[in-house]
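These notes concern the structure reproduced below.
The values are calculated or read from the model by the stated rules, or taken from the named source; none is laboratory data. Nothing here was measured: the structure is a model prediction, and the numbers come from that model. Positions of Cβ are backbone-derived with ideal geometry, glycine not excepted, and every protein chain shown enters the neighbour counts. Heavy atoms of the whole protein, side chains included, go into the accessibility calculation; ligands, DNA and RNA do not. Shrake-Rupley method; radii C 1.70, N 1.55, O 1.52, S 1.80 Å.
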Amino acid sequence: MRLRWESHFKALNPAPENRMTFRMTLRHAAAATLLVLTAAFAATPAQAQRLPSNAKPEHYALAITPNIPAATFAGTETIDLTLAAPSATITLNSLEIQIQSVTANGADGTVSYDPAKEQATFTFPKPLPAGHVVLKLAYTGILNDKLRGFYLSKTATQTLAVTQFESTDARRAFPSFDEPALKATFDISLTVPKADTVISNTNVVSDTPATSDTHTMTFARTPKMSTYLVAFLVGDFDCSSSGSADGIPIRVCSTPDKVKLTHFALSAAEHFLSYYDTYFGIKYPMPKLDLIAIPDFEAGAMENFGAITYRETDLLVDDQDGINAKKNVASVVAHEMAHQWFGDMVTMQWWDNLWLNEGFATWMQDKAAGEWHPDWHYEQGVADDLDGTLNTDASRTTRPIRATADTPAQIAEMFDGIAYGKAGAVIGMVEHWIGPDVFRQGVHNYLAAHLYANATAEDFWNAQTATSHQPVDKVMSSFVEKPGVPLLTFADQQPAGDPVSQKRFFLDPPTGAGKRDEEQATNTSRGWVIPVCLKTSGAPKCELVSADTAAVQMPAAAPFFYANADDKGYFRTAYSPSQLKAISAAAETQLSVPERIGYIGDRWALTRAGQGSVGDFLDLALALKQDPNSAILDSTLGTINQIRSRIAGGSDAISQDDRDKLDAVIRAQYEPVYNAIGPKPTNFDAQQIHTELYGALGEAGDQAILTQARQITDDLLSGKKVDSDLVDVSIALAATTGDTDFYDRILAVSQRSTDPNFQMEALQILTRFRDPALVVRTLEYATSGQVRNQDSWILIAIELNQRETRGVAWPWVQAHWDKVAAQLTTSSGAQLVSATGAFCSVEDRSQVASFFAAHKVEAAERSLAKALDAIDACVRLRQTQEPKLRAWLAAHPAQ
Ligand SMILES: [Zn+2]
């Protein structure tokens, strides 16, 4: 699955752990990103909900008839299974389903339900023999509006019935052995109205009239697969003219009005299918591949075997859309297609190893998309994402990559920045260390050994160890089992003493008892085994650093070294003052863009951890203000924005004065850079920098830019032709001081547009208005039922997240919780809880804790612990750094 907040939504405003973006191109700007960061150990013991091990399914035959107007469906089901021992009962998963009849080998049985365990048990008069049993069921269920199981999705002209089963919702559509290791084959048929079609995992083998106004579509038998990968989608879909790759037909489908937006995704899918066939050395196994945009969809996308579903904004793009929209679609398509091998053909044994699926797909999406479009510089986004993940993982409430998950709520909480970002980064580190060809061979060997079956973390790293003859198992097991981030501290010159030492890094280091516990844990645990690749003036050189062997041979007399070549290592670095001086001096000439992003990220993380002053960081950031690469500017301006909203983010007059002075410094430092670029830059990076500085200077109160932004917006609204790359940013800037009339016009645009990307951008502009009455209007609109529930929480989360709007939004959300909660789906509640992690005062912390204690949110336990931790960290950061910022501002008056 691809989460909605991954890469697609970039924060408009500082988020707890996200890279900041002052990038106000509203392409893909939503607050959500920030919200990823769930993860703490759940305190309540889980009630085990695993099925008994006696029955193993072999084959399902499903015939389903939805009644869309009545929001119900009826099904008949035959399950061929094997009993290991004689038994008079069979237990499987079933939820919100009424079973009308059940027989086993022809004998009638009775049904009892255990809704808490999401199970049904059939009891038969005599024990069934060990061996083959044929179970036949007739049942009915509901088509819900919660975006999970078999659910309804509405457009202006039709209602669709579609499925989303990962992780534990196939049981809402058909009684099943709904665990990933209980694989079986499937024969699926649906009887639907004549005007509708059905898309499922395999190709159609027959389509015959059923009644005068319905038809039955039957699909070819699937390979052995997990229940969570089954899909059936009913509605009036239209598909792009067919494409193909390596002999496999490929279609991109949507509701008919949007089929014109499918061409880009089709060309991406054609490319990736051939690429993966070659990369994995195993051919795509299904008879066809469909990619389908669903109007209401909770996640970003879902890798159903042969029938991948997407949120519309993650699949559909207009040719006119900007590069960021296309980059995003390419990477989501690459992610889901990688899952066809890694996840669908070979599946994790249980959800505790979810990272095997998601870490691999996260790493692969950028590799494959980057190979397709090197000009789009995915490697810079990877470096940026790594920085955010390291911050997420440097909190006390983080979790190890592999963690216990027994209940559906615990499983839902596994889909976090650790399973995706950290696992992906660790996989990338291993590939970089042992080399891409050896790594690829290990991937092939692993897949080939477990085709159509299940595997564990050990299977993966043992295959890599055997192929590479390197201790990949030691490296990966240390990163998969130990929570947190290593900090490597490099001492000044050897040979005397250890040149490098490791310890766990915390952004908000524990004190008192917590510190003692941590030190004890460090002393008794074995530490990480870390491939450290040194960059020097020569070729990079990798060495393993473990707690036992800390001897990294640093190049003697090298003018400088940098300890994280290509920014592929999963660790933070601390250097001696002389090393730092050498690296900073060589940063622009010797470090690649990803390395510079990592270097800046490390310096800011150490500052947050109290090892340095905000003033030193500002000196470094301003020294890089002329960097010709837009990603560096993005990174430094982003961090400066964090300094403004967190360290100088208080509500008193003194904090306001700090912000004003910091804004004056930004204007004085960056206006000359902006002016030097000129109004019409031609190269891509200069264009990006131009737009970025325009936005940053506007936010910092540059009057000329704010006037220009209002002028561009007025021209646009009065129907004049506006020829400017600055339109998006101008609207966003103008909205901050915008009035009701302007608000109404943006709202109308969002309601009229039929381009999903554009519609989302317009919706998010609504959150840019700072007038308290308009903040309330946006919150009311988000909870009015007029915004799809896949999107409504995003608007609320942004309003909570922004320093300028949260003072209105948080009291409103508390006072109107019933309306807010009515919009929530499986995971969006946790996202809203996470949004409060952007708060930064002791009073806010106690309100958040008491409010969510009284208003429990499903599958949000870790998110709440993490949010409270983030607030604590911000409070301490402000206490430590505010006086230092004030001193720096006094010493650096803007000219
Ligand atoms: Zn995924």
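Here are the numbers for the structure shown:
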{"quantity": "Net dipole in debye of segment 107-237 [+1 Lys, Arg Cβ; -1 Asp, Glu Cβ; about Cα centre; nearest 20]", "calculated": "240"}
{"quantity": "Estimated FRET transfer efficiency when R0 is 60 angstrom, pair GLU96-LYS541 (beta carbons, to 0.05)", "calculated": "0.55"}
{"quantity": "Charge dipole of the chain about the Cα centre (unit charges at C-beta), most positive-ward option of PRO256, ILE434, SER850", "calculated": "SER850"}
{"quantity": "Most positive-pole-ward Cα, THR389, TYR452, PHE360, against dipole of the chain from beta carbon charges", "calculated": "THR389"}
{"quantity": "Counting DSSP beta bridges with both ends in the chain, the antiparallel % (nearest 5)", "calculated": "80"}
{"quantity": "Integer Hz, Karplus 6.51/-1.76/1.60 couplings in order for segment 100-112, x for Gly and Pro", "calculated": "7, 7, 9, 10, 10, 6, x, 8, 5, x, 10, 10, 10"}
{"quantity": "Average silhouette area of segment 525-654, convex hull of alpha-carbon atoms, in square nanometres", "calculated": "9.7"}
{"quantity": "Karplus (6.51, -1.76, 1.60) ³J(HN,Hα), θ = phi - 60°, over segment 154-162, in Hz, Gly and Pro reported as x", "calculated": "10, 10, 4, 10, 7, 10, 9, 10, 9"}
{"quantity": "List ASP387, ASP739, ASP238, ASP178, ordered by accessible area with a 1.4 Å probe, largest first", "calculated": "ASP739, ASP238, ASP387, ASP178"}
{"quantity": "Length added when fully stretched, GLN687-ALA890, from 0.36 nm per residue minus Cα-Cα", "calculated": "69.7 nm"}
{"quantity": "Nitroxide proxy distance, nm - points 7 Å out along Cα→Cβ at ASP492 and TYR452", "calculated": "6.6"}
{"quantity": "Qualifying trypsin sites (Lys or Arg not before Pro) in segment 818-895, DSSP loop, other Cβ atoms within 10 Å at most 13", "calculated": "LYS856"}
{"quantity": "Accessible area, probe 1.4 Å, largest first, for residues LYS581, LYS326, LYS721", "calculated": "LYS721, LYS581, LYS326"}
{"quantity": "222 nm mean residue ellipticity, helices alone, for the chain (DSSP H n ≥ 4; -39,500 (n - 2.57); rounded to 500)", "calculated": "-13500 deg cm²/dmol"}
{"quantity": "Kirkwood estimate for segment 785-843, i.e. one over the average of 1/r between Cα atoms, Å", "calculated": "11.7"}
{"quantity": "Solvent-accessible area, 1.4 Å probe, carbon plus sulfur percent, for segment 639-729", "calculated": "50"}
{"quantity": "Computed label-point distance, nm, for sites SER576 and ALA84 using a 7 Å Cα→Cβ extension", "calculated": "6.0"}
{"quantity": "Cross-link reach list, lysines versus LYS535, counting only Cα pairs under 27 Å and skipping chain neighbours closer than eight places", "calculated": "LYS367, LYS422, LYS474, LYS482, LYS503, LYS568, LYS581, LYS625"}
{"quantity": "FRET efficiency, 1/(1 + (r/R0)^6) with R0 45 Å, evaluated for VAL776 and GLN626 via beta carbons", "calculated": "0.60"}
{"quantity": "Segment 596-666, Cα convex hull volume normalised per residue, Å³", "calculated": "79"}
{"quantity": "Two-decimal Rg/Rh across segment 179-321, once Rg and the Kirkwood Rh are taken from alpha-carbon atoms", "calculated": "0.97"}
{"quantity": "Heavy-atom surface of segment 296-388, accessible at 1.4 Å and reported per residue (Å²)", "calculated": "20"}
{"quantity": "Spin-label proximity, THR511 to segment 609-649 - amide N less than 13 Å from point 7 Å beyond Cα toward beta carbon", "calculated": "610"}
{"quantity": "Cα pair distances exceeding 18 angstrom across segment 661-745, given as percent", "calculated": "44"}
{"quantity": "Förster radius 22 Å - calculated FRET efficiency between ALA107 and THR185 (Cβ-Cβ, nearest 0.05)", "calculated": "0.35"}
{"quantity": "Ranked packing of 139-150, 81-92, most packed first, by mean Cβ within 10 Å", "calculated": "139-150, 81-92"}
{"quantity": "Paramagnetic reach from ALA821 in segment 846-870 [backbone N under 17 Å; point 7 Å along Cα→Cβ]", "calculated": "848-861, 864"}
{"quantity": "Helix axis angle, 457-468 relative to the chain longest principal axis, alpha carbon, degrees", "calculated": "70"}
{"quantity": "Label-point separation, ASP739 to ARG440 (7 Å along Cα→Cβ), nm", "calculated": "6.2"}
{"quantity": "Diffusion constant of the chain at 25 °C, which comes from Stokes-Einstein with the Kirkwood Cα-pair radius and 0.890 mPa s, µm²/s", "calculated": "86"}
{"quantity": "Largest to smallest principal axis extent of the C-alpha atoms in segment 453-516, angstrom", "calculated": "47, 36, 16"}
{"quantity": "For the chain, size of Cβ-based charge dipole, Lys and Arg +1, Asp and Glu -1, in debye", "calculated": "1000"}
{"quantity": "Residue-wise HN-Hα coupling along segment 360-375, computed from phi with Karplus coefficients 6.51, -1.76, 1.60 (Hz; x: Gly, Pro)", "calculated": "5, 5, 5, 5, 5, 4, 7, 5, 5, 5, x, 5, 5, 10, x, 5"}
{"quantity": "ARG710 accessible area, 1.4 Å probe, all protein chains in place, Å² to nearest 10", "calculated": "90"}
{"quantity": "Solvent-accessible heavy-atom area per residue, rounded to whole Å², over segment 595-707 at 1.4 Å", "calculated": "34"}
{"quantity": "Mean separation of Cα contacts under 8 Å (6+ apart) over length of the chain, as relative contact order %", "calculated": "12"}
{"quantity": "Given LYS194/LYS258; LYS154/LYS260; LYS224/LYS258, the pairs whose alpha carbons are separated by over 23 Å", "calculated": "LYS224/LYS258"}
{"quantity": "Protein accessible area in segment 85-193, 1.4 Å probe - carbon and sulfur %", "calculated": "56"}
{"quantity": "Carbon/sulfur fraction of accessible area - segment 321-367, other protein chains in place, 1.4 Å, %", "calculated": "47"}
{"quantity": "Exposure rank, largest accessible area first [SER651, SER718; 1.4 Å]", "calculated": "SER651, SER718"}
{"quantity": "Leading residue at positive end of dipole, segment 157-313 (Cβ point charges), from HIS215, LEU182, THR313", "calculated": "LEU182"}
